[in-house]
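Notes for the one structure printed next.
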Amino acid sequence: MSKASKENPYLAHLPADQRYTGSSTPPTVKEPLYGFLPRRVKGEQVRPVLEGDVNPFTKKQHSNAYKKILEARKMLPVYAQMDDFYKMFTENQAIVMVGETGSGKTTQIPQFVAYSDLPHTKGKMIACTQPRRVAAMSVAKRVADEMDVQLGKHVGYSIRFEDMTEPGTTFLKYMTDGMLLREAMNDPLLERYSTIILDEAHERTLATDILMGLLKGVVKKRSDLKLIVMSATLDAVKFQKYFGNVSSSGNSGPAPLFKVPGRTHPVEVFYTQEPEPDYVEAAIRTVLMIHRAEDPGDVLVFLTGEEEIEDSCRKIKLEADDLINQDPDSVGPLVCIPLYSSLPPQQQQRIFDPPPSARSESGPPGRKVIVSTNIAETSLTIDGIVYVVDPGFSKQKVYNPRIRVESLLVSPISKASAQQRAGRAGRTRPGKCFRLYTEKDFMTELEEQTHPEILRSNLANTVLELVKLGIKDLVHFDYVDAPAPETLMRALELLNYLAALDDSGELTELGRIMAEFPLDPQMAKMLIVSPEFKCSNEILTIVAMLSVPNVFIRPNNQRKEADAAKAMLSVPDGDHLTLLNVYNSYKQNMHDKNWAWSNYLSARALAQADNVRLQLERIMERFGIELSTTEDERKFYENVRKTLVCGFFMQVAHKEGEKGSYLTVKDNQVVALHPSCGLETQPEWVLFNEFALTTRPYLRTVTDVKPEWHVLLEYAADYYDLKTFPDGETKRALTRVQNKRLGKIVRADEPRNGTDERSKKKRKKNN
């Protein structure tokens, strides 16, 4: 026994293992991670610790729930490959990993890494990025339960406007890819992290693609940083080639591939004979057919957006209740659960609830139906799904750089997505997938892979982040797939007009501050210039309200009442001012949920806006941006509208003719005001927040602006240089305003000149 720890006779009354002094732990009790050498850990060392009684991170006894969860973890395919993973992780700096959804890679691999990296001993963290907020939050919660720690302590998550981590304690952080990209702006080598895991890389989101380019460079500079790229589909060869030869040790050849087998059962796929005219109706019909005719098992339906999902849930529930009333012995109870990204976390967790039980012992069992966006395609795994209904559509971002319009359009999915969706049905037992399109369409119409987001997005925000990161040559940056040069040019042009970049493409002081706000550049600019117009408090509120889901609720069966309630809160000069009024009323009513409900407002979205406002306010304070309000009531709304123009001067439209059509400035798109707009008249000039392509091109969230204020011609003089305008009504209207303004200046000079002439004549007379 060492001299440092010997038995103390004065502690003879205590149990044998507590009679030692001179050492923090008696020799008989071993530190759970004793003998672990960072990055040389083997599976045979980790398994006993996982099965031990003491939590190695909190040093507390494991709870009873931990043991139960551990048994479920042992069933995951990735758990069986722990030894192979540690061998590859120890020997390589960058790994590409392929595992079907449900193999356990998202929850288990970061935990395996934690035992090898031991980040908590070095003050470092492990980052695991997710393309979606929902996934980052729900996976972090699951992993905290699996590790038997409190969410927000050792395991946390970070998403835009919500940071659930504790500095100094959190060592495993799930985060959206956009958040890691923002961190890289201020820490280009990401020194806080020992390992970075890019999950769901096959989704090819804009932020993940940019991160891959950045991390490829960082790994070469930091030999202590490890990188794991995880994908659910077999386009991994592309990633292997891309990350080949990147390690700082100079290893040649493609990055090694680690394959995790799925645990899927066979899935029978059915197609329709003819194309379906209405995919939502067809989906509802299919769900009810499954409920009536198929064996027990839960159903997963893929639809495209919140409104569609909520509407379908309501209809399915009504129809299912009718079925039960008609023939209670033939069908069991049915519960329908929606799933989309703007749902609050508590409601998202409902998808993991068990199905309802039978109404009587001998009666048919209940069934759970989940109606989801493509979140459930790969990001979240829900056990118990046996039937999948796939209409073949999802909402995708589409950007047209010629007319500067980015829209969310309902588009056909790719073959890879269709296979992912079908795979959801075979998790627990053999399943069935009902595709609501023909086999011919599947073979001939669907693309092989989903187009990377970088090829169909407005890149203004991304370009600003890259320039802030010090990347000057945007054309030759190492993209996995390079965007069109025209898209990059449009982004640079916008940032130059906003004065975020100077004419040589260098970041201005204004641009440096704009990059710090997690907002679109136009909104960031608006916030920064708002003190000049004495309305920064109001602009802060408007930006927060524009950053959350729609606050107005319009149920199908109460549209008249909802519209009347909205009209009561509307400000006739514009929708932006209405949002300001709604928020102020919400605050005056002390955040009352009942007030929100009776006014057809989403209390959840308003609470979110309140939180966003608070966080943006902190950033403003950090940069010394003054919070002010116009005291003069007559100028109050006018100043707010002037500030809006400073950010959105490129999103202005002019009324053409008498039929209510508008023409967007410079891009010359014929558009109409959306029916949801609250303007009482059709003003000559409007500023818009969103260009929506539905049945026809519409402008949404619109405010009346007046060129007579000269904000357009002064604050955006480069953009509104009339020499660059095509001939037309817009140019003529702007010319009239400019001439009037110049005339005023001349007239203002005239009296002085006249006085001078008269005084000269007087002087002559006197002489």
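The values are calculated or read from the model by the stated rules, or taken from the named source; none is laboratory data. Only a predicted model underlies this, so the values are computations on that prediction, with no experimental measurement involved. Reconstructed Cβ throughout: ideal geometry from the backbone, glycine too, with neighbour counts over all protein chains shown. Ligands, DNA and RNA are excluded from the accessible area calculation, which covers all protein heavy atoms including side chains. Shrake-Rupley method; radii C 1.70, N 1.55, O 1.52, S 1.80 Å.
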Checklist outcome for this item: With no solvent term and unit scatterers on the alpha-carbon positions of the range 652-742, Debye gives log₁₀ I(q)/I(0) at q = 0.13 Å⁻¹ of -0.42
Checklist outcome for this item: Contour minus Cα-Cα span, residue 268 to residue 516, at 0.36 nm per residue, comes to 84.3 nm
Checklist entry - Taking the Cβ of residue 373 as the center, what net charge do the other residues with Cβ under 14 Å away carry, scoring Lys and Arg +1 and Asp and Glu -1? => result -2
Checklist outcome for this item: Taking a straight Cα-to-Cα line shorter than 17 Å from residue 67, and setting aside same-chain aspartates and glutamates fewer than 8 residues away, one finds 51, 53, 145, 146, 148
Next on the checklist: Can you tell me, using C-alpha contacts under 8 Å and at least 6 residues apart, the relative contact order of the chain as a whole percent?
Outcome noted: 9
Checklist entry - If you place +1 on the Cβ of every Lys and Arg and -1 on the Cβ of every Asp and Glu, how big does the dipole about the Cα centre of the range 72-186 come out, in debye to the nearest 20? => result 200
Next on the checklist: Probe of 1.4 angstrom, ligands and nucleic acids ignored: what's the accessible area per residue over the range 267-366, in square angstrom?
Outcome noted: 53
Next on the checklist: Please compute the contact order of the range 604-754 in relative form: average sequence separation of alpha-carbon pairs under 8 Å and at least six residues apart, divided by the residue count, as a percent.
Outcome noted: 17
Next on the checklist: Cβ neighbours within 10 Å, averaged per peptide: list 471-481, 432-442 in order, most packed at the top.
Outcome noted: 432-442, 471-481
Next on the checklist: As a test, work out the antiparallel percent of DSSP beta bridges whose residues both lie in the chain, rounded to the nearest 5.
Outcome noted: 40
Checklist outcome for this item: A 1.4 Å probe over the protein heavy atoms gives the range 458-516 a carbon and sulfur accessible-area percentage of 53
Next on the checklist: With a 1.4 Å probe and all protein chains left in place, how much of the accessible area of the range 52-158 comes from carbon and sulfur atoms, in whole percent?
Outcome noted: 52
Checklist entry - Say R0 is 30 Å: what FRET efficiency, to the nearest 0.05, do residue 556 and residue 406 get from their beta-carbon distance? => result 0.60
Checklist outcome for this item: Whole-percent carbon and sulfur contribution to the accessible surface of the range 652-742 (1.4 Å, no ligands, DNA or RNA) stands at 48
Item to check | CD proxy at 222 nm, helix term only [per DSSP H run n ≥ 4: -39500 (n - 2.57); per residue of the chain; nearest 500] | outcome: -12500 deg cm²/dmol
Checklist entry - What spacing in nm lies between the two simple spin-label points modelled at residue 440 and residue 588, each 7 Å away from Cα in the Cβ direction? => result 6.2
Checklist outcome for this item: The equivalent-ellipsoid semi-axes of the range 542-644, taken as the square roots of five times the Cα gyration tensor eigenvalues and listed largest first in whole Å, are 26, 17, 11
Checklist entry - Using a cut-off of 23 Å between alpha-carbon atoms, which lysines can reach residue 566, once sequence neighbours fewer than 8 places away in the same chain are excluded? => result 587, 593
Checklist entry - Which FRET efficiency, nearest 0.05, do residue 259 and residue 91 yield, Cβ-Cβ r, R0 22 Å? => result 0.85
Checklist entry - If the cut-off is 28 Å between C-alpha atoms, which lysines fall inside it for residue 220, apart from same-chain ones fewer than 8 positions away? => result 42, 87, 105, 122, 124, 173, 238, 241, 259, 468, 472
Checklist outcome for this item: accessible surface per residue for the range 458-516, probe 1.4 Å, DNA/RNA/ligands not counted, whole Å² -> 43
Item to check | Charge sum, other residues only, whose C-beta stays under 15 Å from residue 356's C-beta, Lys/Arg counted +1 and Asp/Glu -1 | outcome: +1
Checklist entry - Excluding ligands, DNA and RNA, what is the solvent-accessible area per residue of the range 652-742 at a probe of 1.4 Å, expressed in Å²? => result 49
Next on the checklist: Under the 0.36 nm per residue contour assumption, what length would be gained going from the current alpha-carbon distance of residue 680 and residue 318 to full extension?
Outcome noted: 126.5 nm
Checklist outcome for this item: The distance between the Cα centres of the range 431-461 and the range 569-594, in whole Å, is 40
Checklist entry - For the residue pair residue 666 and residue 183, what label-to-label distance in nm results when each label sits 7 Å from Cα along the Cα-to-beta-carbon direction? => result 3.7
Checklist entry - Extension gain residue 731-residue 33, at 0.36 nm per residue separation less the Cα-Cα distance, in nm? => result 243.9 nm
Item to check | Magnitude of the charge dipole, the chain, Cβ model with Lys/Arg +1 and Asp/Glu -1, debye to 20 | outcome: 2060
Checklist entry - So how far apart, in nm, are the two label points at residue 349 and residue 241 if each is 7 Å from Cα heading toward Cβ? => result 4.5
Checklist outcome for this item: With the convex hull built on the alpha-carbon atoms of the chain, volume per residue in Å³ sits at 255
Item to check | For the range 696-712 and the range 629-665, distance of Cα centres in Å | outcome: 4
Checklist entry - To the nearest 0.05, how large is the calculated FRET efficiency for residue 619 and residue 473 if R₀ is 25 Å and r is the Cβ-Cβ distance? => result 0.30
Item to check | Distribution of pairwise C-alpha distances over the range 267-452, 5 Å bins, in % | outcome: 1, 8, 16, 20, 20, 16, 9, 5, 2, 1, 1, 0, 0
